[in-house]
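First up is the structure itself, then whatever we jot down about it.
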Amino acid sequence: MKIEPKISEDILLDEVTSKEYKYGFTTNIESEKIEKGLNEDVIKFISKKKNEPDWMLDFRLEAFKVWKEMEEPDWANINYPKPDYQDIVYYCAPKQKKKLNSLDDLDPEMKRTFDRLGISIDEQKRLANVAVDIVMDSVSVATSFKEKLAELGIIFCPISEAIQKYPELVKKYIGTVIPVRDNFFSALNSAVFSDGSFCYIPKGTECPMELSTYFRINEAGTGQFERTLVIAEEGSYVSYLEGCTAPMRDENQLHAAVVELVAQDSAEIKYSTVQNWYPGDKNGKGGVFNFVTKRGICHDNAKISWTQVETGSAVTWKYPSCVLKGKNSIGEFFSVAVTNNFQQADTGTKMVHLGENSKSTIIAKGICAGKSNGSYRGLVKIAKGAKNSRNFSQCDSLLMGDKCGSHTFPYIEVDNKSSKVEHEATTSKIGEDQLFYCNQRGIGTEEAVALIVNGYCKEVLNKLPMEFAVEAKKLLEISLEGSVG
Amino acid sequence: MLIEEIKKYVINTDLSSTQKKSLNYFLENGFPTTKDEDWKYTSLKKVLKRKYCLKSSDFELNDEMIQQYSLGFKHKLIFKNGKIFSEPKISGVSIKQTSDLCMPKNSTLCYLNEAICKNTYEIKFDKNLNLDNPIEILHFINNNNDYFLQLRTKITCGSGSNVKLVERFCNIGKNTLINSCMHADVKRNSFFEISKLQSYNDNTHTIDNTLIDQDRDSTANVHTFSFDGSFIRNNLNFYQNNENCTSNMNGITIIDKSNFVDHHTFVDHKFQNCLSNESYKGVYFDNTKGVFNGKIMVRPDAQKINAFQSNNNLLFSDSASIKTKPQLEIYADDVKCSHGCTIGQIDKKSLFYMRSRGFSEKTAKGLLTFAFLIEVIEKLNTKEIVDYAKTEIAKKLSIEKDLL
């Protein structure tokens, strides 16, 4: 009878693998879009559509020029059919019938979409004290709590609006953390980004609420190119949430976002992500390609903390990074990456220590099930001048099923004698003895797996803001239904 | 430049068809560059800049020199510029020269080695042979010009045999670049151990490729001691081709001046119930650079694998640097794999404790560093090698050997 837990585990895994994507549906909203393909005219069209100033158009055109010369990277441990970049629609916006003054004016159909996703704007507005800037197919349609934030001098708006209203701020910071020529996808994003969020926290201000944006791919065949810029001035604090869900599609969709964070002296930015793009069906058909470039720069005494729960996407290629430029700056990275079926994730972080006494912590937890592959790829670089720097990295993988793969590629480079770096990684499956222990105490196998996985991820989930932890838990449930309690 | 020299050299040599193929492969791909992932941190540019010749010149080798460099083992296999000078007579051991021997490869340098190495040796150990004493392999190198030396050895350990080897180099000539390929075929239920003592002089640059194929129930141990030599690159590959194999790797690196050491290890777990253990410790002084890349691969269905890897480093200078990449690639679920990696300094509290008890700073530091290395030394079971390691470590840490 000893073999029993194993069998129930198999049944459980079967259940998991047979689980269909719950959030896969499409909203029928009239969209305005241009022809497929990418050329200078398309970029000019996007820029004109957004009524952008010349410097922005120049920025885009320069990026396009750079992108054309670049080659799509293939060093990541992922296999996917290379998207045809001329077969993508680069601009698509829901037709706005009228300007929205309040959330009540929102398109009822769109509202229903959000309701089905479990995001009740009103509820969040009232209960959770969250200001939501909803991005639906690249154009922001609803922004809440704006006035309350404005009182404190905090700017939280779509980046297209920021380009109009605060051009000097955008101009000063855009492309400074992630230069246009940083990589293939960031260059592409710089050329064609449709919209995104802009957040500015003035000196000494503590943002009183969690700022949050929900992205959602909608129109068939459209890639989504978000651009986020968060600037925290001296001594300020902000917690920013980003969550994604996408409807079911058969063809692969491309998502190439760029997120730039600037933490000035003594500022703190907490950036949390729950990612649940459509992962493809259980045969590995369809799903979103998620190629994201995220990076933050920390000045003296500043802190940037990335927390991510990655459950979706057919292919994930994502390395939220910190450049610890200032003295005593702190970078943190907490990640849970779940892959199932044929999903592939190559994710991790880069911690570049440049300032003295800079510290970084990396906790990466991978859970692989089905025939999926999960990789941790990270870089810890301690420059010569980064005296007394400290890094601690831990990356663990939990394997569920004998057809999945888990990989670790940590790069560690140290160039001075006063710094300390620790790295550890383990790979294992849920121990039969652990399950047996639980069974013995009257906990069913299913619950036991849930308990163990929950405990395994706890370190990371605890870092999420309260409101988000619920969402994260929900998404973990979908990815490993039955495994998580 | 060296490539031109190689082309010139091969015109006057008879190559077999496999050698020609290997040569063409090498000429097509050239020497590895920093653009290759495996050579990301290791640039051969400076090493290859010299004008090396490929022809060896003769020199005199006497017993006195051999005595000086030997660690005093009973059996000695002595090479002179890659050619056998004297060999031990042991029953059950056959050493012969072959001209054309295909061996597995892990970089273009192995192809080059196959194409142009003139002295390929095959060392065979008979079934169930129990070698009482290790065989000491001594390489003496001396050339009139800067020299690009190829070494090529195939070792076959018959099933049930127990073989221990010790390898050491002595370069008394000009600048030498050694490209060494060793392939060990470790048969069923046999035990194979090689200790690589890398105390080269400053004008020796080494690329050492060691590939080990293991059959069922076999054990292979490789101990690498890198103490001197301006450029050392070790490629160490283990292929576990059947169940219940054990692979152990241990390394101690203590380097100073502007020396460079790169350890690349790879363990390929292809079958069930296997074990690998890896422990590399490094101490870096002055302007040294260290690289470590440990890759563990667990193939699909290779269940019940235990693979452990650790890489610990001490940096003693701001001009020293270390790049390390402990890598796991795992395609099976019922495994226990872990790696750990640390980079740090001597604990200040421990140092203070020792200082307050009257140890000089140098001695205290030396003893603590030795304590850091002891985990690896304790795994050694040959008295002469432990002695060698302690002597070299004491020299590097400038403390008296008797203290260790």
For this session: Considering (1) buried (at least 22 other Cβ atoms within 10 Å of the Cβ); (2) within 27 Å of B:Lys383 (Cα to Cα), say which one B:Lys187 fails and leave the rest.
Result: (1)
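Among the residues of region A:368-399, write down those that are facing chain B (nearest Cβ under 7 Å) and in contact with a Lys or Arg (Cβ under 9 Å, 6 or more places away or on another chain). Break it down stepwise before answering.
Of the residues in region A:368-399, the ones facing chain B (nearest Cβ under 7 Å) are A:384, A:399.
Matches in region A:368-399: A:Leu399 only.
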Exercise. Counting only residues that are acidic (Asp, Glu) and outside any strand (DSSP E or B), which one in region B:229-269 is surrounded by the most Cβ atoms within 10 Å (Cβ to Cβ)?
Worked result: B:Asp256
Exercise. Just wondering, is there one or more residues in region B:293-301 that are assigned to a strand (DSSP E or B), facing another protein chain (nearest Cβ under 9 Å) and polar (S, T, N, Q)?
Worked result: no
Exercise. If you scan region A:45-77, which residues turn out to be touching a helix residue (DSSP H, G or I) at 6+ places or on another chain (Cβ under 7 Å), of a type in the set (A, V, I, L, M) and either within 14 Å of chain B (Cβ to nearest Cβ) or in contact (Cβ under 8 Å) with a residue 24 or more places away in the chain (or both)?
Worked result: A:Ile46, A:Met56, A:Leu61, A:Ala63, A:Val66, A:Met70
Exercise. Condition test on A:Gly296, is it more than 10 Å from the chain's Cα centre (by Cα), without any contact (Cβ under 8 Å) to a residue 40 or more places away in the chain, at negative phi and assigned to a strand (DSSP E or B)?
Worked result: no
Exercise. Among the listed residues B:Ser159, B:Ser190, which satisfies the condition of being assigned by TED's automatic domain parsing to the domain that holds B:Thr206, hydroxyl-bearing (Ser, Thr, Tyr) and in contact with a strand residue (DSSP E or B) (Cβ under 8 Å, 6 or more places away or on another chain)?
Worked result: B:Ser190
Exercise. Among (1) at pLDDT 95 or above; (2) at positive phi, which single condition is B:His269 missing?
Worked result: (2)
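Kindly indicate whether B:Asp38 is in the same structural domain as B:Phe260 (by TED's automatic domain parsing) and surrounded by 14 or more Cβ atoms within 10 Å (Cβ to Cβ). If you could, list the steps in order and put the result at the bottom.
Values: in the same structural domain as B:Phe260 (by TED's automatic domain parsing): yes; surrounded by 14 or more Cβ atoms within 10 Å (Cβ to Cβ): yes.
Spelling it out, B:Asp38 is indeed in the same structural domain as B:Phe260 (by TED's automatic domain parsing) and surrounded by 14 or more Cβ atoms within 10 Å (Cβ to Cβ).
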Problem set entry | Residue list for region B:1-43, filter: away from chain A (no Cβ under 14 Å), assigned to a loop (DSSP other than H, G, I, E, B) and of a type in the set (D, E, K, R) | B:Asp14
Seminar exercise, completed: Given the conditions (1) under 30 Å from A:Lys417 (Cβ atoms); (2) not in a loop (DSSP other than H, G, I, E, B), every one holds for A:Glu356 apart from (2)
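Does B:Ser91 meet the test of being out of contact with any Phe, Trp or Tyr (no Cβ under 8 Å at 6 or more places or on another chain), modelled with pLDDT of 90 or more and away from every other protein chain (no Cβ under 14 Å)?
Details: out of contact with any Phe, Trp or Tyr (no Cβ under 8 Å at 6 or more places or on another chain): yes; modelled with pLDDT of 90 or more: yes; away from every other protein chain (no Cβ under 14 Å): yes.
For B:Ser91, the condition - out of contact with any Phe, Trp or Tyr (no Cβ under 8 Å at 6 or more places or on another chain), modelled with pLDDT of 90 or more and away from every other protein chain (no Cβ under 14 Å) - is met.
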Exercise. If you go through region B:304-325 one residue at a time, how many are within 7 Å of chain A (Cβ to nearest Cβ) and either farther than 17 Å from B:Ile252 by Cβ or surrounded by fewer than 23 Cβ atoms within 10 Å (Cβ to Cβ) (or both)?
Worked result: 6
Problem set entry | Residue check for B:Tyr388: of a type in the set (Ser, Thr, Tyr), away from chain A (no Cβ under 14 Å), closer than 26 Å to A:Ser418 by Cα and assigned to a helix (DSSP H, G or I) | no
Problem set entry | Qualifying residues in region A:320-331 (those that are touching a residue at least 60 places away in the same chain (Cβ under 8 Å) and within 20 Å of the chain's Cα centre (by Cα)) - the one surrounded by the fewest Cβ atoms within 10 Å (Cβ to Cβ) | A:Val323
For this session: May I ask you to verify whether B:Ala371 is farther than 30 Å from A:Leu399 by Cα, assigned by TED's automatic domain parsing to the domain that holds B:Gln272 and among the small types (Gly, Ala, Ser)?
Result: no
For this session: Kindly indicate whether any position in region B:48-55 is in contact with a strand residue (DSSP E or B) (Cβ under 8 Å, 6 or more places away or on another chain) and within 14 Å of chain A (Cβ to nearest Cβ).
Result: no
Exercise. What number goes with the only condition from (1) touching a residue at least 12 places away in the same chain (Cβ under 8 Å); (2) at the interface with chain B (Cβ under 9 Å from one of its Cβ atoms) that A:Asp402 does not pass?
Worked result: (1)
Exercise. Residues in region A:370-388: is at least one buried (at least 24 other Cβ atoms within 10 Å of the Cβ), farther than 17 Å from A:His299 by Cβ and of a type in the set (Phe, Trp, Tyr)?
Worked result: yes
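Is one or more of the residues making up region B:120-139 over 25 Å from B:Asn189 (Cα atoms) and in contact with a Gly (Cβ under 7 Å, 6 or more places away or on another chain)? Full working, then the answer.
To start, the set of residues in region B:120-139 that are over 25 Å from B:Asn189 (Cα atoms) comprises B:120, B:138-139.
Checking the rest, the ones that are also in contact with a Gly (Cβ under 7 Å, 6 or more places away or on another chain) come to none.
Within region B:120-139, not a single residue is over 25 Å from B:Asn189 (Cα atoms) and in contact with a Gly (Cβ under 7 Å, 6 or more places away or on another chain).
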Exercise. For B:Lys124, which of the numbered conditions (1) part of a strand (DSSP E or B); (2) in contact (Cβ under 8 Å) with a residue 40 or more places away in the chain fails to hold?
Worked result: (2)
Exercise. Scanning for something out of contact with any Gly (no Cβ under 7 Å at 6 or more places or on another chain), over 15 Å from B:His339 (Cα atoms) and buried (at least 24 other Cβ atoms within 10 Å of the Cβ), does region B:277-287 turn up at least one residue?
Worked result: yes
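Here's a check for you: in region B:346-364, which residue that is outside any helix (DSSP H, G or I) and surrounded by 15 or more Cβ atoms within 10 Å (Cβ to Cβ) is farthest from the other protein chains (Cβ to nearest Cβ)?
B:Phe359
Out of all the residues in region A:189-203, is one or more in a loop (DSSP other than H, G, I, E, B), under 22 Å from A:Lys318 (Cα atoms) and hydroxyl-bearing (Ser, Thr, Tyr)? If you could, list the steps in order and put the result at the bottom.
As a first pass, look at region A:189-203 and keep what is in a loop (DSSP other than H, G, I, E, B): A:193-194, A:202-203.
Applying the additional criterion that residues be under 22 Å from A:Lys318 (Cα atoms) yields A:193-194.
Next, only the ones that are hydroxyl-bearing (Ser, Thr, Tyr) stay: A:194.
There is at least one residue in region A:189-203 that is in a loop (DSSP other than H, G, I, E, B), under 22 Å from A:Lys318 (Cα atoms) and hydroxyl-bearing (Ser, Thr, Tyr).
Please find, within region A:417-444, the residue that is farthest from the other protein chains (Cβ to nearest Cβ) out of those that are among the polar types (S, T, N, Q) and crowded, with 22+ Cβ neighbours inside 10 Å. Please lay out each step first, then the result.
Applying the first criterion (among the polar types (S, T, N, Q)) to region A:417-444 yields A:418-419, A:426-428, A:434, A:439-440.
Among the residues that remain, those that are also crowded, with 22+ Cβ neighbours inside 10 Å are: A:419, A:427.
Numbers: A:Ser419: 7, A:Thr427: 4 Å.
So the residue we want is A:Ser419.
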Exercise. Is at least one residue of region B:131-152 β-branched (Val, Ile, Thr) and more than 19 Å from the chain's Cα centre (by Cα)?
Worked result: no
For this session: Select from region B:365-385 the residues that are within 14 Å of another protein chain (Cβ to nearest Cβ) and among the β-branched types (Val, Ile, Thr) and list them in ascending order.
Result: B:Thr369
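Could you tell me whether region B:338-345 includes any residue that is part of a loop (DSSP other than H, G, I, E, B), over 30 Å from A:Ser397 (Cα atoms), within 14 Å of chain A (Cβ to nearest Cβ) and within 28 Å of the chain's Cα centre (by Cα)? Don't jump to the end; show me each part of the working.
If we filter region B:338-345 for residues that are part of a loop (DSSP other than H, G, I, E, B), which is where we start, we get B:345.
This time we only want the ones that are over 30 Å from A:Ser397 (Cα atoms), so: none.
No, region B:338-345 contains no residue that is part of a loop (DSSP other than H, G, I, E, B), over 30 Å from A:Ser397 (Cα atoms), within 14 Å of chain A (Cβ to nearest Cβ) and within 28 Å of the chain's Cα centre (by Cα).
Mind listing just one residue for me: the one in region B:1-46 that is small (Gly, Ala, Ser) and in contact (Cβ under 8 Å) with a residue 60 or more places away in the chain and, of those, nearest to A:Leu379 (Cα to Cα)?
Keep residues of region B:1-46 that are small (Gly, Ala, Ser), which gives B:16-17, B:22, B:30, B:43.
Within this subset, residues satisfying the condition of being in contact (Cβ under 8 Å) with a residue 60 or more places away in the chain are B:16, B:22, B:30.
Details: B:Ser16: 45, B:Ser22: 36, B:Gly30: 29 Å.
Filtering region B:1-46 for residues that are small (Gly, Ala, Ser) and in contact (Cβ under 8 Å) with a residue 60 or more places away in the chain, the one nearest to A:Leu379 (Cα to Cα) comes out as B:Gly30.
The values are calculated or read from the model by the stated rules, or taken from the named source; none is laboratory data. What you are looking at is a predicted structure, and each value in this text was computed from that prediction instead of being measured. When we count neighbours, we look across all protein chains shown, and the Cβ atoms used for this are built from the backbone with ideal geometry, even at glycine.
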